[in-house]
Each structure stands twice: as C-alpha cells, then as structure tokens.
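The values are calculated or read from the model by the stated rules, or taken from the named source; none is laboratory data. Quantities reported herein were computed from a predicted structural model and do not represent experimental measurements. Here Cβ is always computed from backbone atoms with ideal geometry, including for glycine, and neighbour counts include all displayed protein chains. The area values use the complete protein model at the heavy-atom level, side chains included, leaving out ligands, DNA and RNA. Shrake-Rupley method; radii C 1.70, N 1.55, O 1.52, S 1.80 Å.
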Amino acid sequence: MNYAVIKKNDIANGPGIRVSLFVSGCRHKCKNCFNSEAWDFNYGKEFTDDVIEEIITALKPDYVEGISLLGGEPFEPENQQGLIKLLETVRDKLPNKNVWCYTGFTFESDLLNGNQTVQKLLSLIDVLVDGKFIEELKDASLIFRGSSNQNIIDVPKSLESNCTVLLKGKWKRKMGELNIYDA
Ligand code: SF4
C-alpha cells in the first residue's frame with residue numbers, strides 16, 4: 001500500500017483535532033474529485049511499519065481525538081491489509097481514540113456483506129462516511145461530507161443491525177472553532 005500524505009492536527013475530516021491518513025489508489029473516478037492525483041496506486045510513499053509508528057506518536061497527545069482514513073479509497077483491496085494492521089495497532093495502543101473512515105463505496109450495498117477482510121476492516125472503524133462524491137449534490141453547508149448522498153454512519157450499530165444506522169446527534173459549526181458533535 002502507498003499513501004499520499006499524513007495530516008497531523010487536521011480539523012476538517014471528523015470531530016476535534018485528528019491525524020488524517022490519505023491512502024493512494026481509487027477506482028471510483030468521481031467527477032471533480034478533490035484528490036485525483038491519488039487515484040494512482042503508486043502515488044506517494046510506501047506505507048511501512050515506521051509510518052505506523054509515526055501515526056501512533058502523532059495520535060498520543062490528549063488533544064488529538066482520533067484518526068481519519070481517506071484517499072484515494074481505503075476499501076480498495078490493495079489498501080485493506082495495511083489499514084487493518086494500522087487500526088489494530090491503534091486499538092491496541094490507544095484504545096480511547098476514535099476511528100473515522102471516508103469511502104466512495106456504499107456501506108449497505110458494497111461493504112456490509114463483503115468478504116472477511118472487508119468485515120475485519122469495518123469492525124475496526126467507529127464512523128464511516130460513505131458514497132461517491134456527486135458534483136450535482138454538492139452542498140457547502142454540509143459538515144464532514146461533500147455531497148448530500150453521503151451518509152455519516154455509526155458502524156458498530158450498523159454491523160449489529162445489518163443495515164445502515166446513521167450517527168445520531170447534531171453537528172455544530174461555529175466560526176473559528178472546532179466542529180463539535182452534540183449527541
Ligand atoms: S472516492 Fe474520493 S478519492 Fe475516489 S474519486 Fe471519489 S472523491 Fe476522489
């Protein structure tokens with residue numbers, strides 16, 4: 001697996017201050033994709049054990065709420081094993097951090113009854129933002145998603161119910177402040 005970039009202290013891709021990992025490789029080819037250079041699976045650098053250690057170190061401070069996985073496409077088969085290894089390490093060493101993931105796949109139709117590796121990766125994620133970016137449904141007022149077809153999904157509850165369960169609560173956005181989740 002290759003990755004494009006790691007953003008430390010990211011406030012755009014999930015609640016609070018986060019470490020965001022942008023993996024390389026995506027076959028969805030959404031129109032006006034925000035990150036089309038990362039469609040190439042060879043883009044960026046190799047994802048090694050040293051990179052996992054770098055991410056763990058960046059996640060350690062109390063002010064960092066969790067990790068976000070983006071792309072590229074985290075659920076492309078080429079990226080699944082590397083992300084499982086990363087998230088298993090996060091769960092083991094930093095169990096109080098939450099895990100968000102952005103995918104162009106649709107949770108219920110593409111991932112929910114996927115193979116064992118897909119199930120394993122899903123089991124390590126708290127919140128999944130699913131669906132392709134659709135230019136015609138773009139809405140700048142949305143928080144943490146680009147177009148209105150995308151859902152913010154509570155993954156543990158969805159796996160338990162075997163259907164899409166949206167994350168409950170409201171997002172607040174105030175100028176100059178972090179995005180806050182109000183359950
Ligand atoms: S899923 Fe994401 S990275 Fe892939 S084409 Fe769509 S917007 Fe771009």
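General remarks:
- The chain: C-alpha pair distances exceeding 26 Å, %: 25 percent
- Compactness ratio for region 1-72: Cα radius of gyration over 2.2 N^0.38 Å (N = residue count) comes to 1.14.
- Taking every C-alpha pair closer than 8 Å and separated by at least 6 residues, the mean separation divided by the residue count of region 5-113 gives a relative contact order of 29 percent.
- Other residues with beta-carbon under 15 Å from the beta-carbon of LYS138 carry, at +1 per Lys or Arg and -1 per Asp or Glu, a net charge of 0.
- Rg over Rh for region 94-165 works out to 0.99, both radii taken from alpha-carbon positions and Rh defined as the Kirkwood radius.
- Here is the list for region 1-84: chymotrypsin sites (Phe, Trp or Tyr not before Pro) lying in DSSP coil, each with at most 15 other C-beta atoms within 10 angstrom of its C-beta, are PHE34, TYR63.
- Lys/Arg +1, Asp/Glu -1 at C-beta; the chain dipole; positive extreme among MET1, PHE47, VAL155: VAL155
- Residues whose amide H lies under 5 Å from that of GLY66, counting only those 5 or more places away or on a different chain, are VAL19, ASN98; hydrogens are built 1.01 Å from N in the peptide plane.
- Candidates ASN151, ASN32, ASN13: whichever shows maximal mean-square fluctuation once the chain is modelled as a Gaussian network with Cα springs under 10 Å: ASN32
- Placing +1 on the Cβ of every Lys and Arg and -1 on the Cβ of every Asp and Glu, with nothing else charged, gives the chain a dipole about its Cα centre of roughly 500 debye.
- If you sort GLU108, GLU73 by accessible surface, 1.4 Å probe, largest first, the order is GLU108, GLU73.
- Built amide H within the under 5 Å cut-off of THR106, gap 5+: GLY131
- Full extension of the chain between ASN9 and LYS85 gives 25.1 nm of extra length, using 0.36 nm per residue less the Cα-Cα distance.
- For region 151-166, 3J(HN,Hα) per residue [Karplus equation, 6.51 cos²θ - 1.76 cosθ + 1.60, θ = phi - 60°, Hz, x = Gly/Pro]: 10, 9, 10, 7, 5, x, 5, 5, 5, 5, 8, 6, 7, 6, 10, 6
- Karplus-derived 3J(HN,Hα), 6.51/-1.76/1.60, for each residue of region 24-40, Hz, glycine and proline x: 9, x, 7, 9, 6, 6, 4, 5, 6, 3, 6, 8, 5, 5, 8, 5, 6
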